[in-house]
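Below: one structure, written as structure tokens.
The values are calculated or read from the model by the stated rules, or taken from the named source; none is laboratory data. A quick note: this is a predicted structure, and the numbers were derived from the prediction, not measured. Every residue, glycine as well, gets a Cβ built from its backbone with ideal geometry; the counts of neighbours run over all protein chains shown. Ligands, DNA and RNA are stripped out before the accessible areas are found, and what is left, the full protein with its side chains, is counted by its heavy atoms. Shrake-Rupley method; radii C 1.70, N 1.55, O 1.52, S 1.80 Å.
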Amino acid sequence: SPSAPSAVTFAPCAPCCAARKRATTETAVALEKLFPRQCQVLGVVAPGIVVTPMGPGSSRPQEIEIGESGFALLFPQVEGIKIQPFRFVKNPKNLSLERRRFTEAGLLDNPELRVVLVFGYNCCKVGASSYLQRVVRAFGDTNVVVAGGQVDNLVSLTSDTCPLDVDGTGVVGLSVSGQRVQSASVLLSEDVSDEKAVEAAMQRLKAAGIPERDTVGFMFACVGRGAQFYRARGNVEADAFRKAFPGVPLFGFFGNGEIGCDRIVTGNFVLRRCSEVRAEDLFHSYTTVLALVHLGASR
């Protein structure tokens with residue numbers, strides 16, 4: 001149901017061959033069975049992940065770029081907030097994008113829309129990037145925070161009744177709506193290449209004034225960043241985030257293209273921009289997009 005709790009899962013893997021894709025899909029099916037049936041699951045595979053381990057140990061977020069690992073992030077039901085999965089599949093025989101589909105996904109004609117997390121999958125296929133840009137352009141100029149990137153594969157989408165084609169191309173994500181939702185995002189450009197510059201970018205995000213309680217952070221970084229970008233120093237961006245937001249868990253992935261910019265949806269829901277940003281300017285490479293999503297205090 002639309003009000004069911006949602007889970008989003010990320011798992012990194014090496015460049016996929018057919019056997020690897022089958023194994024990943026089998027793992028995804030097994031994970032789906034661990035969640036309640038009413039839970040809507042969205043799962044993707046990326047070259048690396050960013051995760052904050054939960055539990056009694058350290059809450060230091062980790063950038064994992066080597067090996068295989070994964071995480072699941074569960075969103076509870078919150079009164080007055082709607083988190084809705086969506087999917088657009090590239091069909092060479094029908095390239096039209098009907099406005100009705102965006103409205104059904106909560107992406108248009110939705111005055112309470114605050115945040116869109118959006119992921120293009122099978123991004124290396126011909127036409128995948130242009131299709132992703134077409135989809136994002138449909139809502140990218142609205143007064144919402146848009147953040148995400150390009151991933152390797154889509155492996156789970158339990159809210160969609162259409163068969164899942166692991167070799168297909170498309171766009172998936174989550175729309176987050178609700179009057180109490182607040183959000184901000186910041187873009188770390190290619191010029192942000194040392195610890196001091198990263199911390200300065202975090203202060204821009206801090207200046208947005210988003211409440212840190214009941215808030216989750218997202219990090220979508222280029223696979224070309226990470227330790228190799230910072231002269232063999234790992235976890236630079238995740239550590240800078242934790243320094244600025246010690247009580248906010250951080251999740252995300254390393255991908256093949258980033259989506260986002262400097263945007264703030266404040267308490268009175270007025271959009272502020274560091275510069276005028278058009279929808280086509282949301283797409284980047286060799287960057288990192290960091291976003292805060294505040295789900296509002298429970299009543």
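Can you tell me which residue is nearest to residue 76 (Cα to Cα) among those in the range 180-229 that are of a type in the set (Phe, Trp, Tyr) and within 15 Å of the chain's Cα centre (by Cα)? Ranking the candidates gives 218 first.
Of the set (1) part of a loop (DSSP other than H, G, I, E, B); (2) open to solvent by 80 Å² or more (accessible area, probe 1.4 Å); (3) modelled with pLDDT under 90, all apply to residue 74 but (1). Restricting to the range 132-152, name every residue that is more than 20 Å from residue 285 (Cβ to Cβ), in contact with a helix residue (DSSP H, G or I) (Cβ under 7 Å, 6 or more places away or on another chain) and open to solvent by less than 10 Å² (accessible area, probe 1.4 Å). Result: 139, single match.
Among the residues of the range 82-97, just one is among the polar types (S, T, N, Q) and surrounded by 18 or more Cβ atoms within 10 Å (Cβ to Cβ), namely 84. Do we have residue 75 as aromatic (Phe, Trp, Tyr) and either free of Cβ contacts under 8 Å to residues at least 12 places away in the same chain or closer than 29 Å to residue 52 by Cα (or both) here? For residue 75, the condition - aromatic (Phe, Trp, Tyr) and either free of Cβ contacts under 8 Å to residues at least 12 places away in the same chain or closer than 29 Å to residue 52 by Cα (or both) - is met.
Filtered by the rule that a residue be within 27 Å of residue 119 (Cβ to Cβ), open to solvent by 30 Å² or more (accessible area, probe 1.4 Å), in a loop (DSSP other than H, G, I, E, B) and of a type outside the set (Asp, Glu), the range 191-208 gives a lone residue, 193. Considering the range 118-131, and only residues there that are part of a loop (DSSP other than H, G, I, E, B) and among the hydrophobic types (A, V, I, L, M, F, W, C), the residue that is least open to solvent (accessible area, probe 1.4 Å) turns out to be 123.
In the range 180-190, the residue that is surrounded by the most Cβ atoms within 10 Å (Cβ to Cβ) out of those that are farther than 26 Å from residue 111 by Cβ and not aliphatic (A, V, I, L, M) is 190. In the range 100-117, of all residues being touching a residue at least 24 places away in the same chain (Cβ under 8 Å) and either farther than 24 Å from residue 217 by Cβ or assigned to a loop (DSSP other than H, G, I, E, B) (or both), the one that is most open to solvent (accessible area, probe 1.4 Å) corresponds to 112. Could you tell me which residue of the range 159-179 is most open to solvent (accessible area, probe 1.4 Å), considering only residues that are within 21 Å of residue 115 (Cβ to Cβ) and more than 17 Å from the chain's Cα centre (by Cα)? Here the residue is 179. Of the strands (runs of 3 or more DSSP E) lying entirely inside the range 209-286, those containing at least 1 residues that are open to solvent by less than 40 Å² (accessible area, probe 1.4 Å) and at pLDDT 95 or above span 215-222, 250-255. Total residues in the range 56-112 satisfying the condition of being hydrophobic (A, V, I, L, M, F, W, C) and either in contact with a Gly (Cβ under 6 Å, 6 or more places away or on another chain) or under 24 Å from residue 27 (Cβ atoms) (or both): the figure is 12.
Checking the structure you have, find out if any residue of the range 37-54 is closer than 30 Å to residue 227 by Cα, at pLDDT below 85 and open to solvent by 50 Å² or more (accessible area, probe 1.4 Å). So far as the range 37-54 goes, yes, one or more of its residues are closer than 30 Å to residue 227 by Cα, at pLDDT below 85 and open to solvent by 50 Å² or more (accessible area, probe 1.4 Å). Across the range 30-53, what is the number of residues that are assigned to a helix (DSSP H, G or I) and touching a residue at least 12 places away in the same chain (Cβ under 8 Å)? Counting residues in the range 30-53 that are assigned to a helix (DSSP H, G or I) and touching a residue at least 12 places away in the same chain (Cβ under 8 Å) gives 2.
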